[in-house]
Each structure stands twice: as structure tokens, then as C-alpha cells.
Amino acid sequence: MLATVLQLYLWFRRCFGGKRRRGRIVDLPFGLLLKVASPEGVPESDVIGFVNRHTSIPTPNVVASVGGYGRRFFVMKRVHGRTLESVLHTLDPAQRAKIAQQLHSFVSQLRSIKSPHGSSICALNGEALIDSRITTCGPVGPFVDETAFNDRLLQTSAPFKSKSDLAELRSRMRATHAIVFTHGDIAPRNIMVEGDTVVALLDWQQAGWHAEHWEFIKAKWCPPDLHSAAELWDSMVEQLFDKDYTPEWLLDRDLSDDIVGGY
């Protein structure tokens with residue numbers, strides 16, 4: 001029933017216009033927002049519920065999550081504040097440092113959760129995961145371990161690399177990283193702030209159990225559009241982690257820089 005009501009609401013808005021927010025986010029009455037997502041993968045509401053039970057990370061307040069009409073409808077309360085992307089270039093160093101400190105705490109809390117799936121790289125429930133760096137064609141995996149995950153990354157790059165390049169890239173890959181719970185899309189567009197306080201971490205669709213360096217790579221994967229903000233964010237990312245994952249990031253750049261089109 002709820003899916004039908006929401007589908008009719010979307011149809012009405014398409015016919016008569018209405019404010020649309022970023023991506024598939026639309027306004028609802030009574031201070032609510034509607035996010036329309038693919039039905040594939042673990043429902044984002046399940047991930048948020050899991051995070052709320054195990055951490056103190058601020059997340060969207062979920063009102064309802066229901067599937068139907070080939071979609072998943074995700075209703076949440078509107079988060080007051082602004083995206084970090086929209087204000088990053090206006091913040092002073094002390095404000096940026098305070099925000100980075102909070103994000104460091106969030107990452108640490110996620111990493112403290114023990115995986116029930118052993119060495120597997122997978123979604124929250126142990127099944128296939130969504131990750132735009134691995135593929136844009138839907139869920140992928142699960143992977144029995146990091147070696148299998150690395151094989152998939154090489155498979156994605158293979159059409160764009162020579163055999164000798166692939167062999168060199170393989171030699172640089174590690175399969176000994178810890179497997180930790182990962183947001184998978186920590187980016188300024190998904191961080192809501194009021195002043196220098198983070199009030200919500202958004203967009204948990206790509207969360208799952210990943211090798212420890214993957215959060216670092218994904219945080220650098222889609223920097224802000226504004227060049228000055230991108231440089232500021234790049235320096236902030238370094239402060240979110242207790243280890244230096246620059247070698248893994250450079251390797252991933254070498255793996256992915258030549259990729260074009262759908263993969």
C-alpha cells in the first residue's frame with residue numbers, strides 16, 4: 001500500500017512539477033524526504049539500523065522503507081544543515097580539523113565491529129554488495145577473501161591493460177588487510193554539517209565488509225567538483241585513518257585511471 005502511494009506521489013510530481021533534490025531525492029510533506037533506489041542489495045534502512053545499534057554515528061532518521069514497482073522507497077526525516085561539499089571552502093583550518101576528528105571517530109567505530117563473515121568481502125548480510133568503484137552494473141560478489149576481490153579488480157582493468165601491466169599490478173597487491181565494516185562512500189556530498197559539527201552521515205547503500213584500505217580509496221574516489229574544495233578534502237581524508245594507505249591508493253589509481261565506459 002505505501003509503495004503504491006509513493007509511486008502515485010512521484011507520478012503526480014512528474015506531471016505537475018516540484019522541487020527535486022540531489023539524485024533521486026524528492027521532498028515530501030511534514031519535513032520528510034523520499035529517496036528512490038534500486039531494489040538490489042541490502043536495503044539502506046537495514047544498514048542504518050545496524051549502524052545505529054553498534055555506533056553513535058549520526059544517521060538519517062528512517063521513517064519507512066518499502067519495495068515495489070521495481071524500486072525501493074526510503075522515507076526519512078529531513079536532516080537540518082548543509083553538505084560539507086557546499087561549505088568546505090568557507091571553513092577555517094580549526095573547523096576542518098574538528099570535522100575530520102569527528103569523521104575519524106566514525107571510521108574507528110565502524111572498524112570496531114567484528115565481521116560475522118570471516119575473511120569474506122561482502123554486503124552487511126554476507127551477500128553481493130553494491131560498489132561503484134568495482135562495477136556500475138549492479139551487485140557484485142561476495143568474495144571469499146581479499147585475493148578473490150583483487151582478482152575482480154584486475155578483471156575490470158584487463159581490457160585496458162597489457163599482460164605485463166596486469167602482472168606488475170598483481171605483484172603490488174596485498175591480501176593481508178583486515179576486513180572491517182566500511183561506509184564505502186564517505187564524501188563531502190554525504191556529510192551534513194552545522195558549523196563544524198557533523199549532524200549526519202548519509203548514503204549507506206555501498207556499505208559492507210571490505211579490506212581496511214577501501215574506505216580510504218573510496219573517500220578519494222569522488223572529490224568535490226570545486227578544485228579548491230577538492231584539495232582541502234584530500235588533506236582531510238589523511239586525518240580519518242590511523243594508518244597510511246597511500247600505496248594502496250596509488251595502486252588503485254594505476255588500476256582504474258584508464259577505465260572508460262560501463263564496467
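Things to note:
- Within the stretch 95-125, no residue satisfies the criterion of being in contact with a Cys (Cβ under 9 Å, 6 or more places away or on another chain) and under 29 Å from Glu85 (Cβ atoms).
- Scope the stretch 191-214; condition assigned to a strand (DSSP E or B), surrounded by fewer than 24 Cβ atoms within 10 Å (Cβ to Cβ) and of a type outside the set (A, V, I, L, M); matching residues: Glu194, Thr197
- Number of the exception - Pro223 against (1) modelled with pLDDT under 95; (2) assigned to a strand (DSSP E or B): (2)
- Looking only at the stretch 149-178, residues that are touching a Phe, Trp or Tyr at 6+ places or on another chain (Cβ under 7 Å) and among the aromatic types (Phe, Trp, Tyr) come to 1 in all.
- Whichever residue in the stretch 37-68 is surrounded by fewer than 18 Cβ atoms within 10 Å (Cβ to Cβ) and of a type in the set (D, E, K, R) and, among such residues, is farthest from Gly126 (Cα to Cα): Arg53
- Unique residue being in contact with a helix residue (DSSP H, G or I) (Cβ under 7 Å, 6 or more places away or on another chain) and not basic (Lys, Arg) when the list is Asp151, Asp185: Asp185
- Matching residues in the stretch 31-64 - criterion: being more than 22 Å from Thr182 (Cα to Cα) and free of Cβ contacts under 8 Å to residues at least 40 places away in the same chain: Val36, Val63
- A single member of Leu34, Leu88, Leu84 is more than 17 Å from Asp185 (Cβ to Cβ) and buried (at least 17 other Cβ atoms within 10 Å of the Cβ), and it is Leu34.
The values are calculated or read from the model by the stated rules, or taken from the named source; none is laboratory data. Predicted, not measured: the structure shown is a model, and the values here were computed from it. Cβ atoms come from the backbone with ideal geometry, glycine included; neighbour counts cover every protein chain shown.
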